[in-house]
Every structure is written in structure tokens, then in C-alpha cells.
1. Enumerate the amide H contacts of residue 67 below 5 Å, restricted to partners 5 or more residues apart or on another chain; note that Pro and chain-start residues carry no placed amide H.
2. Points 7 angstrom from Cα along the Cβ direction at residue 180 and residue 85: gap in nanometres?
3. Among 42-51, 75-84, how do they line up by average Cβ neighbours within 10 Å per residue, starting with the highest?
4. With Cβ to Cβ distances under 11 Å as the rule, what net charge do the other residues near residue 135 carry (K, R +1; D, E -1)?
5. Once R0 is set to 30 Å, what does the formula 1/(1 + (r/R0)^6) return for the Cβ-Cβ distance between residue 95 and residue 136, expressed as a FRET efficiency to the nearest 0.05?
6. Given H placed on each backbone N at 1.01 Å, which residues far from residue 193 in sequence or on other chains put an amide H within less than 5 Å of it?
7. How compact is the stretch 127-203 by the rule of thumb for globular proteins, expressed as Cα Rg over 2.2 N^0.38 Å?
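Every number here is computed from the coordinates shown, using simple stated rules; none is lab data. In this text the structure is predicted, and so the values were computed from the model without any measurement. Cβ placement follows ideal geometry from the backbone for every residue including glycine, while neighbour counts extend to all protein chains displayed.
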Amino acid sequence: MNQFISFLIIIIAFSSCFPEGEDDFEGTQLRGTVVEFGTLDPVPNALVPLFGVVSQGVLQNPILYLVDTVRTDIDGEFYFRTDDDATTFEIGKISADGFFPYEGNQSKLVFPGENEFYMPEFVLDPIGWIRLIVKDSIGYTKPFNSIGATFIPGASGISMNADEVYHVKASRMHYFKINDNPDLLKIDSIYSIPFDTVLFKFVH
């Protein structure tokens, strides 16, 4: 009998070393995934912050404070478990090497105890580069005013010779507006490759 009691004590002490299961946990649990735009491949090692949100009433902005940060695993999945007593929780700006920070809806409020089915998917844009060469040619007599794109700073774009490299959101087409004269606007495009540089050359 004494041996049986001693065995039970050892089992109880041993089991207390392990945290309770997910079904028994009464705090807030959040799961989600981070994937790459275009391919929807998982993004491992992305940094995912979780903020607590405390309401201050209708006339004042809520208070946000950092509760925890986690990294996604090899499958792009992340998991939070917290017993923090915030009014609600919010996923912050997700970031990863080689990607632009997440720009989607970050105000995904999660209420404690009501998050069993909260499994969002966040899509990060991979970084690519476009090398833009604008060059004058003696053999061309057409007038040239400017070439512009959303990733080129300035409203007027480039109006002279240039050789510049721009980092852009990859896995998508990027369009150029080429203004040869005030009455003619041409559109050209190039596809950006993730984590690589593509060349766009315009001779005028």
C-alpha cells in the first residue's frame, strides 16, 4: 500500500510539471498563418506581435500595449496563449526578412474566450528590385517629357537620363507611364521577381 501511495505521489508531481492542455486553458488562444503573396507559400520565422487593447471610452483612443511576440514555424503558423486580462487583443504589424511589413487590416480584434475559430491568414509581399535605365539616343528624334511609376518618387517621374534601382512588391506587374509629348501617353510594364532584380530600359 505504501508503495502504491508513493507511486501516485510521483505521478501527480510529474504531471504538474506540464502545462494544461489547450481544451483546459481558460485564457486567450490565437492561431494563424503567414504566407507569401502570389505563391501562398508559408513564411517561416516571421515576427508576429500581439497587443492588448484597453478601452478608454467613446471619446478617447484605446490604449495598446505589447503582450507577446512569437515567430512562425516552418509551416508559417503561429500560436499565442495568454491569460492577460485586456479588453480585446489585436495582431500587430507582422514582419519578415525579405518581405514588406504586413499592410492589411491589423485591427482584427479578438475577444477573450471567443477565439476558438479565429485562424486568420496574413499575406506578406515579397521584395523585388527593378533597375530602371532611361537613356538618350542621338538616333531618336522623338520628344521625351517623363517616365513615371508608382514606385518612382515625385509626381512628375523621371525627366532625364537615369540608372536607378528601386525595391518593389514582387510577384506582380508594374506599369510605366511614358510621356513622349503632351498629347501621347504610353503604358509599358514589367513583371517583378521575388528576391531578384529585373531590368527595364527606355531609350528616347
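1. 50, 51, 52
2. 7.2
3. 42-51, 75-84
4. Net charge around residue 135: -1.
5. 0.15
6. Residues meeting the criterion, in which the H sits 1.01 Å from N, are 129, 171, 198.
7. The value comes to 1.09.
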